[in-house]
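Read through the structure below, which is laid out as structure tokens, and then see the notes.
The values are calculated or read from the model by the stated rules, or taken from the named source; none is laboratory data. The shown structure was predicted, so the numbers you read here are calculated from the model rather than taken from an experiment. Using ideal geometry, Cβ is built from the backbone for each residue, glycine included, and neighbour counts are taken over all protein chains shown.
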Amino acid sequence: MNSNKGDTTMLHHNRANILYKILLATAYVLSVFAIGWGGVSASHQDVLTQNKHSKADEKAKNQVNAVELHQTKKQRSTNDPKSLKDQNKEANSSDQNNKKLAVSLLEETLAGAKLVEPIECSLLTQVEAATLLWQFDRQRAWDILKDSVETLSNLIEAEKGEKKTQKSLDKKQQRLRFKIFLRIAKLDPGLINQLASKDQNDGKMQKSISGEWTEEARAVMLVATEQVNKDPELAVRTAEQSLSLGFVAWESFLHHLVIVDRSRSVQLASRLLRQLRDSSIPAVRLLNLNSFVFGGGRSQELTDEFFLSLATRLQRDLRPDIAADDLVKSFQTAYSAQRLASYFPQWQTEFDNIVSAYQTLFKDRSMPAPNPPRAVTIDSSTLTGIATGNTEEVQEKLQQVKLIANSPKRDEEYRKLAINAALREDSSLAESLLSKIENQRIRQETNFKVYSTLVRKELNSQNWAQARTYCFKITDPLARTVIVNLIGKSMSRFRENKSGVSDLYSEALAQLYREVASESLAKAYLILAKSLSSGDVKASVEAINSAIFVMNKLSVENLLLGESNYSDFGPYLELLPTVMPEEALDLTEIIGPLFNEMARRDPEDAQITAYGITHSGLRSLALLGIVRGLLEAPEKPKTIPKERPKAKKLSQNS
């Protein structure tokens, strides 16, 4: 009993000590507000310089205290050496305190989660907390998850009543909603089906296939795709659970599965075709599986199953009461299927008859038959290697582009030519064309495409110095940091000198200090902090503090968690096909794992840093990252090695 009281007292003492340190550290945040009111155009480096001067006296005092504390600890360790048993007791006590601290932080975050805005960020915080709570209070976690899913479902239903579509929602809302379902799916894919069930008393899952595109289904399919390499059988079961939620990303899942388990992927595809044939899902969804069905090594049985299912589904739409829009879509699907069937004589007549029947139906309803969908043509020249250094074609087109009077059209053509020149490794021509682009957005996008292309060419020849030169010409801070990471990983892969990699990251951090405050800058700092954490913890913490400075400034001006388009970053990030770059580079995705790692190193410093974030949603996710780090930290060995038995003295007689 006394021991528990002592632990509690110690925990409160630690929390009080942390709060005291936070008050000292708040000088950093307050200086942000005091200096930052001048607008986002202020140089970040200038702010940091002023901030360092304002903290000089306090830093000196802290250094003196730190030296005294270090000397005290050193004297204690030399004068009072602890036995291994005592050290193990301290380790056990530390683990227990960490778990108590984790629970305390979890409760604190849950208490304020419903006050977080926007509502999607609030629900994400609650769901993230519930996934942590799941391991020791499953009923309470279930209640939180159930309430969150119901709230989000009601929100979606209300939007349907207002005739809002996925396209009318801003991308930020879509990203956050997807992350909510993804957190639940990673905990247990079957939970989404159970939580979404309207009938509490019926534990059976819905058997019918939903033809809708939903974030719930995409979340489950992402988890299934992640499971493929480790457990293909489990991945298939998970994927099939998504069908009642929506029909999403099945083509990419099957292509991923066939690499690992060809037989299982063909069996699944055949089973899926039969299910789609008997469902009300639009025929075009079935048609879209053709890229898998006609892939190398597929059986004739699968091809026949595909055409039979498609024909059956199209014939079902041949009815007089079909809606006009649905009739047009079904006819276009039938025409595309007819083109595919032309390569298979046994099926060609079947689809010729189906197309003819649709044309008759249009006549009967006095509707003009739409034009057949245009065949997609691919320029074969893009599939072959581009001759390096040969820019005659680019030079010829340049003369024509100069004559274009319309500025946006001219900029677009300059963009194409600049990228083409970069692909041909003519950096001078590419940079010259880049400088001619007037539109800032087009110029920045082209800047990344040109220099990232040139960087990859240099990495292939292991020319690290030139790759760095091109990299630091990228103007967008986040885009530049993504390429910095690419170079750093390549150098490490080829076992380059660690100091070279360290210099690369140091230069990248120095460049970020000169940038204007933006969400891209905050993300760049956090990504760089992750890269620095393994080699330079001090610089990593400095990058995190700089990110918090930027986030706090943007939060005050209501510019945080805005929309972004990072589609060009895809080839440079190690992502599954179902993950969008915008989602992987979202602040709500980056911040938790980073504070998880910080907590494993130093829980106290992690808390102090997290409490410095003014945005309630991001602060909550940072604290939950700390909780996860404390709960998942590997336990230290607690066994005490036995003392060796003393050697027996040999008798004189032996």
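Number of residues in region 512-542 that are in contact with a Lys or Arg (Cβ under 8 Å, 6 or more places away or on another chain), more than 15 Å from residue 594 (Cβ to Cβ) and buried (at least 18 other Cβ atoms within 10 Å of the Cβ): the value is 1. Within region 292-315, if we keep just the residues that are small (Gly, Ala, Ser) and more than 21 Å from residue 352 (Cα to Cα), the residue that is surrounded by the most Cβ atoms within 10 Å (Cβ to Cβ) turns out to be 295.
Given the residues 339, 319, which is the only one that is closer than 22 Å to residue 269 by Cα and either part of a helix (DSSP H, G or I) or assigned by TED's automatic domain parsing to the domain that holds residue 272 (or both)? Step through it out loud before you land on a result.
On the way: 319 fails: closer than 22 Å to residue 269 by Cα.
Only one candidate qualifies: 339.
Scanning region 316-326 for residues being touching a residue at least 40 places away in the same chain (Cβ under 8 Å) and either surrounded by 21 or more Cβ atoms within 10 Å (Cβ to Cβ) or under 16 Å from residue 276 (Cα atoms) (or both) gives a total of 0.
Meeting the requirement of 3 or more residues that are over 23 Å from residue 440 (Cβ atoms) and hydroxyl-bearing (Ser, Thr, Tyr), the helices (runs of 4 or more DSSP H) wholly within region 455-546 are 498-512. The single condition from (1) outside any helix (DSSP H, G or I); (2) crowded, with 18+ Cβ neighbours inside 10 Å that residue 272 fails is (1).
Candidates 507, 438, 413: the one that is among the acidic types (Asp, Glu) and crowded, with 16+ Cβ neighbours inside 10 Å is 413. If I filter region 247-259 for residues that are surrounded by fewer than 19 Cβ atoms within 10 Å (Cβ to Cβ), in contact (Cβ under 8 Å) with a residue 12 or more places away in the chain, more than 26 Å from the chain's Cα centre (by Cα) and assigned to a helix (DSSP H, G or I), do I get at least one hit? So far as region 247-259 goes, no, none of its residues is surrounded by fewer than 19 Cβ atoms within 10 Å (Cβ to Cβ), in contact (Cβ under 8 Å) with a residue 12 or more places away in the chain, more than 26 Å from the chain's Cα centre (by Cα) and assigned to a helix (DSSP H, G or I).
When residue 148 is tested against (1) in a helix (DSSP H, G or I); (2) over 24 Å from residue 223 (Cα atoms), only condition (2) is not met. Of all residues in region 220-241, those satisfying the criterion of being of a type outside the set (Asp, Glu), in a helix (DSSP H, G or I), farther than 19 Å from residue 195 by Cβ and free of Cβ contacts under 8 Å to residues at least 40 places away in the same chain are 227, 232, 234, 235, 236. Here 443, 456 are screened, and the one residue that is within 24 Å of the chain's Cα centre (by Cα) and within 27 Å of residue 394 (Cβ to Cβ) is 456.
Could you tell me whether residue 497 is surrounded by fewer than 18 Cβ atoms within 10 Å (Cβ to Cβ), of a type in the set (S, T, N, Q), closer than 18 Å to residue 613 by Cβ and not assigned by TED's automatic domain parsing to the domain that holds residue 454? So residue 497 does not fit the description; no. Only residues that are within 17 Å of residue 318 (Cβ to Cβ) and either modelled with pLDDT under 95 or not assigned by TED's automatic domain parsing to the domain that holds residue 291 (or both) were counted in region 342-354, giving 0.
Before we move on, is residue 462 at positive phi and at pLDDT below 95? Before the answer, list the steps.
Working: at positive phi: yes; at pLDDT below 95: yes.
Criteria met by residue 462.
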